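Read-outs: derived from the displayed coordinates by stated rules, not from any lab. Predicted, not measured: the structure shown is a model, and the values here were computed from it. Backbone-built Cβ (ideal geometry, glycine too); neighbour counts: all protein chains shown.
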Amino acid sequence: MATRGRNLNDLVTRFWSVAAPLYDHPRLQQWVYQPAQDEVIDELRAHGARRIADIACGTGILAARIEAELQPDEVYGVDMSEGMLKQAKARDPKVQWRKGPAEQLPFDDEALDAVVSTSAFHFFDQPAAMREFHRVLRPGGLAAVATISPPQLPLVGQLTNSPASAAHNPSAREMRTLFTDAGFTISEQHRVHRPLWTKAVFDLITIGTKPAS
Ligand SMILES: C[S@@+](CC[C@H](N)C(=O)[O-])C[C@H]1O[C@@H](n2cnc3c(N)ncnc32)[C@H](O)[C@@H]1O
């Protein structure tokens, strides 16, 4: 990874280690994070994936839900923040928790049936992460990424993608390009379905499959 990427990852890791104790607040989870996670679970169920990794799993809520609701053969939660992983490990001993960056995943080539990521992709080196998702998936494997993606209006775009921000919020078109450039075939893309009072959260889900060779 380039130096700039490592520095950004250090900054993000430090922030999330400090924020970890606040993260599980029930209202924050229900209103901000859960809608995208619900959609990811539905996609995984429809795909029938048995070896699944949640990338940038945070405190492990989604990975633990995947374990409980789908009971696959293997579930991994990967994050690079010690603070978040500490809470994840306490949540569910059946999930296999791994420390590592999305841009360098701790899996062999074609080791997984599905890779998912919610509310974190805006922090990644996005082309590098997409290449890793493709590498670790078997042919026919599924990638589902839900990320903040505000409408491309001048002011909103400037506020959410300012040079001072540690994150980049990709547009819907950028997400499609990232998926296809990495070798995926896109099967679905839409705004995450949310209750009316949380519509201010502009998250977008993109689903792709690695073509069978
Ligand atoms: C807002 S939390 C989201 C957690 C979880 N995915 C969810 O939906 O609740 C963002 C998480 O992304 C992790 N993260 C950010 N950049 C990362 C990277 N490049 N590789 C791995 N984890 C990363 C942070 O450590 C943090 O735990």
FRET efficiency for residue 201 and residue 104, using Cβ-Cβ distance with R0 set to 41 Å, rounded to 0.05: 0.90
Student exercise, segment 54-206 dipole from Lys, Arg, Asp, Glu Cβ charges, in Debye to nearest 20: 520
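Of the listed peptides 87-93, 39-45, what is their order by residue-averaged count of other C-beta atoms within 10 Å, with the highest listed first?
Descending packing order for the listed peptides: 39-45, 87-93.
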